[in-house]
Amino acid sequence: MIKPLADRVVIEPKEAETRTASGLYIPDNAKEKPQQGKVVAAGPGKKDEPMEVKTGDNVLYGKYAGTEVTVDGKDYVILKQSDILAIL
């Protein structure tokens with residue numbers, strides 16, 4: 001498992017939608033990057049900035065924020081706590 005440092009957070013992105021609300025299938029090349037996910041690990045925070053998110057929180061983050069990594073066949077996004085827009 002990934003152990004983030006300082007104010008970094010590891011997020012497991014929510015799967016991209018495969019169908020529209022009307023039932024049409026979306027091809028892989030037209031899917032948008034997910035902007036929601038679940039926090040699977042959080043660092044200890046900085047001395048002057050405590051962590052506001054914790055493991056298990058569902059969050060909304062910037063579309064192009066963070067670094068995408070794959071560990072054991074699962075995709076994750078590592079980003080700073082400041083890149084998280086909201087806790088859902």
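The values are calculated or read from the model by the stated rules, or taken from the named source; none is laboratory data. Fair warning: this is a prediction, and the values are worked out from it, not measured in the lab. Cβ: placed from backbone, ideal geometry, glycine included. Neighbour counts: every protein chain shown. To get the accessible areas, we keep the full protein, side chains included, count just its heavy atoms, and leave off ligands, DNA and RNA. Shrake-Rupley method; radii C 1.70, N 1.55, O 1.52, S 1.80 Å.
Things to note:
- Wholly within the chain, strands (runs of 3 or more DSSP E) carrying at least 1 residues that are touching a residue at least 24 places away in the same chain (Cβ under 8 Å) and not aliphatic (A, V, I, L, M): 8-13, 36-42, 58-61, 74-80
- Test: residue in segment 53-68 that is of a type in the set (V, I, T) and surrounded by fewer than 16 Cβ atoms within 10 Å (Cβ to Cβ): yes
- Going through (1) at positive phi; (2) open to solvent by 40 Å² or more (accessible area, probe 1.4 Å) one by one, K31 falls short only on (1).
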